[in-house]
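The values are calculated or read from the model by the stated rules, or taken from the named source; none is laboratory data. Please read these numbers as outputs of a predicted model, since none were measured by experiment. Reconstructed Cβ throughout: ideal geometry from the backbone, glycine too, with neighbour counts over all protein chains shown. When the accessible area is computed, the model is the full protein with side chains, heavy atoms only, and any ligands, DNA or RNA have been set aside. Shrake-Rupley method; radii C 1.70, N 1.55, O 1.52, S 1.80 Å.
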Amino acid sequence: METLLQDVRFGFRMLVKSPGFTIVAVLTVALGIGANAAIFSLVNGILLQPLPYSHPEQLVSVRATYPPGALAAMREQVHTMEVGGYSEGHELNLTRRGDPVRLTSTLVSAELFSILGVRPELGRTLYPGEDRAGQDNYVVLSHALWEQRFGRDVTIIGRSIELEGISREVIGVMPADFHFPSPKTQLWLPLHNDPRAQGYWADDFMPVIGRLRPGATLHQADAEIQLFQSHVGEFFPWPMPKAWNADVNVVPLQSGMVANIRTRLLLLLGAVGMVLLIACANVANLMLSRAATREKEIAVRSALGAGRQRIIEQLLTESVVLAALGGLVGLAFARAGLWLLRAKLPPDTPRLTDVHLDWRVLVFAALVSLVTGLLFGLAPALQFSRGNFVESMNSGGRGAAASVSQRLRGGLVVGEVAFAMLLVISAGLLIRSFWALSHISPGFQSEHVVTARITPNQSFCNDAARCLAFYHVLLDKLQSSPGVSTAALVNDLPLGGTVTKRSVRVEEYLNPIAGLQPLLWLHAVTPNYFHVMQIPLLSGRGFTPADESGPPVVIMTAASARKFWPGQDAIGKHMQFARDKEWRTVVGVLADVRAYDLQNTVPTWIDGAVYSPYSPRASMEDGRIPSDMSIVMQTALDDAKIESTLRGIVNSLNPEAPVSAVRSMGAVVSSAVSTPASTTSLFVTFAGLALALGLIGIYGVLAFLVSKRTREIGIRVALGAQRSHVLWLVLKEGAKFTAVGITLGLAAAFAVTRWLSSELYGVSASDPFTYVGVALLMALMSMLACYVPARRAMSVDPLIALRND
């Protein structure tokens, strides 16, 4: 310990003596460690840290969805675990408490809170059976909603609040750190389980979670759930396709919650790991350069009795001290980087609220600092372990170039170029993918179009005539407002995340799955909608006001028309919504709109899309017309002004109807690419760091080479060598490093980038344009990095060089 402390003190003194070297090395290491600590914070908080529930190792997720009826059957027949379901994303109005507000709720089975093992901060959660029809008139508040809307009023427990016109008793407030299933949830309502209702087997196909019973294993639960799946179709009132939930399995709950982001986080962790390796190689080259100036010092130490092991220990200690300083600065970078990551990542990223710099991150940073110090300190230490100290003494420093292994320095630079190539190629692929995705035509016009959601209570729209009159007057008043050119209504806004489904019978269409009717996405619109959104009509006609009360008509999307009537004209064909008596005539075919996301027009479980006039015939599965509608407006006004105008009009017509989500369609489209945008921007950042560090490495090696070959270059010039020959002498060394590094980087990219395939759109993981472009970019940038030391070599004065020598 005494020797170690002595080495540490000496190491600090040596670093203080060379402030320029120390600052450059510390900042280089800090960048690598800071980036790694920030990304590890994400990995730790999202993937590694146990869920904040009681005995989280017992919690599992059933990788399938089931309706309430199937969940009830599962409760009775599955014995290895206690199961519960939830359905998130349900929106409802809170009224009679100031301005009406739209809230996001999650419907849960009564057992869900006990399965998770969480207790409320105030009151209680649901008792068994309180999710049955007639016994479910309760609500549990999130801590944020209780704080923001109810002013932390502890007397709220046992009192009633009005949600969607229904009075519900507040029975509990959850803790501030409870965010299941996502931070969007503001309150929890019990499922309305009614075996007499059609939706008991048809609506709300829900994810299912469970808690293993004592003695049960994950393997046993998986086997039992597959056995249950083999016969659950017998309970349905209609035939279920054999492929439904055929791949069901049981996984740990934590794995199920983060499955969609796991690959992305591991890719980012691998990227910052490469940045750290490049930083290590850079600092190792700096250490080798510095070590070359200390050969005489080391030789004196050896002559005075210091053994090779003692010298290596001293050099490694200095490296670790340097890395420790870099680690401390890196933690400051990590703190700032984590703040940026939170801002960059989509807010619905699972467990994002659990991410912070905790003791695990500090331990990780300490270990990375130690390993980093050993890695970049190993090169000069091993070099000295093979050195001839007597020869160094006799050379008077002239043998430095021979003592420092040029092969080792070149190998480090080759590694830097290869890793930088791999990262830049990955970033290039993501950039091309993001470019393709962001330049997809969504099928509608987003410029100068502003949208807002109007959400009267569903009970208000139980009277269809009253609901339609409200919206017609609203449209008339809005279109007569200054700054608004025209406006229309739609129930499901494109890229809005909601899907209204309807089962249909299609004329002349035979479903490949016998007994199963196709599912269509029902868009209820007013006649002016296609004009406002500038969606082209390919054939037939659009809607007119007369269609709201005349013979029932629909407009099909082009892809749906091709699917149901391939090679035929869809105009004049017919379809019938489930539980309707009337057949509807197709009067138009509309161009496809990327309504679900920018890659898909409809979700995979939907067979097509259809538009219907917003009228009493545009009913949902439960027979009611949609109550919450989105207004789309062509306007030159900004969002704040149009929101003020809209709120005033709505409040005059229905004071209990909230106005929310006022934003331009451009913002809607931008949010649809937020996830690939965040991944791409992070990879570009890391690739930029890697490229810069790699180029600095090439520059450093060649600058050192020129400084140590000054005498040789001076002699060459004195003997008649042209400056172009000197230029080529230096550039040739840089070109050799670059060529080998580019070759290795290309080979590594071909092998590794296939893991990026899930993050790419419209571009192959082996896209030749990207590979060739990055290789040319790397070659050009490397030659520019080589030019500065080469130019210095060209300006060597032979008389000065020989006199100094």
Is it the case, given these coordinates, that Ala790 is over 24 Å from Gly270 (Cα atoms) and either open to solvent by less than 20 Å² (accessible area, probe 1.4 Å) or without any contact (Cβ under 8 Å) to a residue 24 or more places away in the chain (or both)? yes
Filter the range 324-351 down to the residues that are open to solvent by less than 20 Å² (accessible area, probe 1.4 Å) and in contact with a Leu (Cβ under 7 Å, 6 or more places away or on another chain), then identify the one that is modelled with the highest pLDDT. Ala334
Filter result for the condition that a residue is among the charged types (D, E, K, R), surrounded by 14 or more Cβ atoms within 10 Å (Cβ to Cβ) and closer than 21 Å to Ala667 by Cβ, over Arg502, Arg594: Arg594
So, first residue within 28 Å of Gly700 (Cβ to Cβ) in the range 413-434, second residue of a type in the set (Lys, Arg) and surrounded by fewer than 24 Cβ atoms within 10 Å (Cβ to Cβ), Cβ within less than 9 Å, six or more apart or across chains; the pairs are Val414/Lys736
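Within the range 708-717, can one find any residue that is acidic (Asp, Glu) and modelled with pLDDT of 85 or more? Before the answer, list the steps.
Taking the range 708-717 as the starting set, the residues that turn out to be acidic (Asp, Glu) are 712.
If we keep only those that are modelled with pLDDT of 85 or more as well, we get none.
Scanning the range 708-717, I find no residue that is acidic (Asp, Glu) and modelled with pLDDT of 85 or more, so the answer is no.
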With (1) open to solvent by 40 Å² or more (accessible area, probe 1.4 Å); (2) part of a helix (DSSP H, G or I) as the list, and Ser764 as the residue in question, which single condition is left unmet? (2)
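Hey, among Thr645, Thr585, which residue is surrounded by fewer than 20 Cβ atoms within 10 Å (Cβ to Cβ), assigned to a strand (DSSP E or B), touching a residue at least 12 places away in the same chain (Cβ under 8 Å) and of a type in the set (S, T, N, Q)? Let's see the steps before the verdict.
On the way: Thr645 fails: assigned to a strand (DSSP E or B).
Thr585 is the lone residue from the list that is surrounded by fewer than 20 Cβ atoms within 10 Å (Cβ to Cβ), assigned to a strand (DSSP E or B), touching a residue at least 12 places away in the same chain (Cβ under 8 Å) and of a type in the set (S, T, N, Q).
Test of understanding: among Ala197, Ala176, which residue is open to solvent by 40 Å² or more (accessible area, probe 1.4 Å), closer than 22 Å to Pro56 by Cα, assigned to a loop (DSSP other than H, G, I, E, B) and not basic (Lys, Arg)?
On the way: Ala197 fails: closer than 22 Å to Pro56 by Cα.
Exactly one of Ala197, Ala176 is open to solvent by 40 Å² or more (accessible area, probe 1.4 Å), closer than 22 Å to Pro56 by Cα, assigned to a loop (DSSP other than H, G, I, E, B) and not basic (Lys, Arg), namely Ala176.
For every residue, the table says whether it meets (1) assigned to a helix (DSSP H, G or I); (2) farther than 21 Å from Ile166 by Cα; (3) open to solvent by 70 Å² or more (accessible area, probe 1.4 Å).
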site: Trp435; (1), (2), (3): yes, yes, yes
site: Glu447; (1), (2), (3): no, yes, yes
site: Phe460; (1), (2), (3): yes, no, no
site: Leu478; (1), (2), (3): yes, yes, no
site: Thr486; (1), (2), (3): no, yes, no
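Results for (1) among the small types (Gly, Ala, Ser); (2) in contact with a strand residue (DSSP E or B) (Cβ under 6 Å, 6 or more places away or on another chain); (3) modelled with pLDDT of 85 or more, shown as yes or no for each residue.
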residue: Met240; (1), (2), (3): no, no, no
residue: Val250; (1), (2), (3): no, yes, yes
residue: Leu253; (1), (2), (3): no, yes, yes
residue: Arg264; (1), (2), (3): no, no, no
residue: Gly270; (1), (2), (3): yes, no, yes
residue: Ile278; (1), (2), (3): no, no, yes
Quick check on the range 128-140. Is at least one of its residues at pLDDT 90 or above and more than 26 Å from Pro68 (Cβ to Cβ)? no
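Of Leu163, Leu212, Leu191, Leu218, which residue is farther than 28 Å from Glu121 by Cβ, touching a residue at least 60 places away in the same chain (Cβ under 8 Å), touching a strand residue (DSSP E or B) at 6+ places or on another chain (Cβ under 9 Å) and not hydroxyl-bearing (Ser, Thr, Tyr)? Walk me through how you get there before you give the answer.
Numbers: Leu163 fails: farther than 28 Å from Glu121 by Cβ; Leu212 fails: farther than 28 Å from Glu121 by Cβ; Leu191 fails: farther than 28 Å from Glu121 by Cβ.
When all the criteria are applied, what remains is Leu218.
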Options Glu121, Glu111: the member that is surrounded by fewer than 17 Cβ atoms within 10 Å (Cβ to Cβ) and either more than 30 Å from Leu315 (Cα to Cα) or touching a residue at least 60 places away in the same chain (Cβ under 8 Å) (or both): Glu121
Regarding Gly215, is this residue assigned to a loop (DSSP other than H, G, I, E, B) and surrounded by fewer than 19 Cβ atoms within 10 Å (Cβ to Cβ)? yes
